[in-house]
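The block underneath contains the structure these notes are about, expressed in structure tokens.
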Amino acid sequence: MIQKLLKRARKIVIKIGSNTLAKEDGTINYAFICDFAAQCAFLIESGKQIVLVSSGAQVAGLSTIDCWTRKTDIHYRQALCAVGQVELMDNWRTAFANFGLHIGQLLLTKDDFSDEHRTLNMRNTLFTLVDEGVVPIINENDSVSFEEIKIGDNDNLSALTAVLWNADLLILFSDIDGVYDKNPKRFPDAQRIPVVENPAELRRNISVEGTSDFGTGGIATKIDAAEKAGAYGIDMILADGSAPRALASLADGSGQGTVFIGEETWRRTHSGQ
Ligand code: GLU
């Protein structure tokens, strides 16, 4: 099913989490970024359009100014993101340049999505960048966002982006290869759920079983994202970003993950198409 979804999708939003982008020592994994850019370039070459949502500003900030590691104060955290965002984008820029591709940066907050004019401008910018062959890379504007205007996690930001851009598919790359029926870190017999048709039901079952603590960023934000995207007919795949050739393997059918099917795919599946 995953391969079919990728084949069918033309407009794909891909979210990459901080854990996937960082090495064990907490520094940015440039080799990963280069390899990932190569996989994106291959898909773009084959006619797909890609928008990336990249976390990692904090991680990149800490690898740049490591003496701020112990500064937990919010001003330092936000300042760290200001430093790290530049580093992060510099990594993406040089990685995509290897394939003759330009990147464009959009830093957004929750407020931007609730303002009619800003949404229109964001949409137009996204469409123009993609039409011109530029790869947009989005992150939350961590330096300006405080509680009231914070999206808080890039899972939800990527779902909002997918809806805004009318994407066909949303892929969340995390440090887990899907949703499990129980915590796979604690239960060796945990089974991966290949397809989720009803995220609300999944949320109920997971909280009943007390397994909502697995997965980085929590499984809850992934379910929220699936629900947001699914309501607009956008399918979502949750997969392990650190798996070898993570993106290419989903496209060639060798990769695995959990598919959250959107309303359109649900209709097709149930009418046997
Ligand atoms: N915007 C944050 C960063 O770039 C990450 C948020 C998230 O990973 O959900 O560090």
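The values are calculated or read from the model by the stated rules, or taken from the named source; none is laboratory data. Computed from a predicted model, the values in this text were never measured in an experiment. Please note: Cβ atoms are built from the backbone with ideal geometry, for glycine as well, and neighbour counts cover all protein chains shown. Each accessible area value is taken on the protein alone, full model and side chains, heavy atoms only, with ligands, DNA and RNA left out. Shrake-Rupley method; radii C 1.70, N 1.55, O 1.52, S 1.80 Å.
Starting from the exponent 0.38 and prefactor 2.2 Å, build the expected Rg for region 137-273 from its residue count and divide its actual Cα Rg by it.
After normalising by residue count via 2.2 N^0.38 Å, the value is 1.06.
Share of region 131-273's accessible area from carbon and sulfur, percent, 1.4 Å? Write out the running numbers ahead of the final one.
Values: 3140 of 6280 Å².
With neighbouring chains kept in place, the figure for region 131-273 is 50 percent.
Quote the relative contact order of the chain in percent (integer), defining contacts as alpha-carbon pairs under 8 Å separated by 6+ residues.
Relative CO of the chain lands at 22 percent.
Counting other C-beta atoms within 10 Å, and keeping those with at most 16, which DSSP coil trypsin sites (Lys or Arg not before Pro) do you find in region 100-150?
For trypsin sites (Lys or Arg not before Pro) across region 100-150 that sit outside H, G, I, E and B with at most 16 neighbouring Cβ atoms in 10 Å, the list reads Lys150.
State the percentage of accessible surface on region 1-125 attributable to carbon and sulfur atoms; use a 1.4 Å probe and exclude ligands, DNA and RNA.
Numbers: 3310 of 6510 Å².
Exposed carbon and sulfur together represent 51 percent of the surface.
Just to check I understand the Karplus step: with θ = phi - 60° and J = 6.51 cos²θ - 1.76 cosθ + 1.60, what whole-Hz values come out for region 181-193, glycine and proline as x?
Residue by residue, region 181-193 yields 6, 8, 4, x, 6, 9, 10, x, 8, 4, 10, 6, 8 Hz.
Write down Rg/Rh for region 72-130, rounded to two decimals, with Rg from the C-alpha atoms and Rh from the Kirkwood relation over Cα pairs. Display every interim value, and only then the final one.
On the way: Rg = 14.6 Å, Rh = 13.6 Å.
Rounded to two decimals, Rg over Rh is 1.07.
Tell me, rounded to the nearest percent, the portion of alpha carbon pairs in the chain spaced more than 37 Å apart.
It works out to 8 percent of all Cα pairs.
Which order do peptides 252-258, 24-30 fall in by mean Cβ count within 10 Å, highest first?
Averaged packing, sorted descending, gives the order 252-258, 24-30.
Taking H as built 1.01 Å from N, whose amide H comes closer than 5 Å to the amide H of Lys15, not counting residues under 5 places away?
Placed amide hydrogens put Val53, Ile171, Leu172, Phe173 under 5 Å from Lys15.
If the chain between Cys34 and Thr119 were fully stretched, how many nm would it gain, using 0.36 nm times the residue separation less the Cα-Cα distance?
Computed gain between Cys34 and Thr119 is 27.5 nm.
Which lysines does Lys23 reach when only Cα atoms under 23 Å apart count, and residues fewer than 8 places away in its own chain are ignored?
Lys15, Lys71, Lys185, Lys222
When only Cα pairs under 8 Å and 6 or more residues apart are kept, what is the percent relative contact order across region 67-146?
The normalised contact order for region 67-146 reaches 37 percent.
Can you give the Rg/Rh ratio of region 134-200, where Rg is from the C-alpha atoms and Rh is the Kirkwood radius?
Checking Rg against Rh, the ratio lands at 1.06.
Around Tyr180, which amide H atoms from residues at least 5 apart in sequence, or from another chain, sit under 5 Å from its own amide H, with H modelled in the peptide plane?
Ile193
Between the DSSP loop rule and a limit of at most 13 other Cβ atoms within 10 Å, which chymotrypsin sites (Phe, Trp or Tyr not before Pro) in region 109-151 are left?
On the way: sites: Phe113, Phe127, Phe146; in loops: Phe146.
Counting only loop positions with at most 13 other Cβ atoms within 10 Å, the chymotrypsin sites (Phe, Trp or Tyr not before Pro) in region 109-151 are Phe146.
Counting only heavy atoms of the protein chains, get the accessible area per residue of the chain (1.4 Å probe) and round it to a whole Å² value.
Working: 12990 Å² over 273 residues.
Spelled out: the 1.4 Å probe surface of the chain, per residue, equals 48 Å².
Taking the mean number of other Cβ atoms within 10 Å as a proxy for protection, how do you rank 173-181, 1-9 from highest to lowest?
Result, highest mean Cβ count within 10 Å first: 173-181, 1-9.
Determine how many Å³ per residue the convex hull of the Cα atoms of region 29-181 encloses. Let's see the in-between values first.
On the way: hull volume 20.9 nm³, N = 153.
Dividing the Cα hull volume of region 29-181 by its residues yields 137 Å³.
So how far, in whole Å, is the C-alpha centre of region 125-180 from the one of region 221-243?
Rounded to whole Å, the Cα centres lie 11 Å apart.
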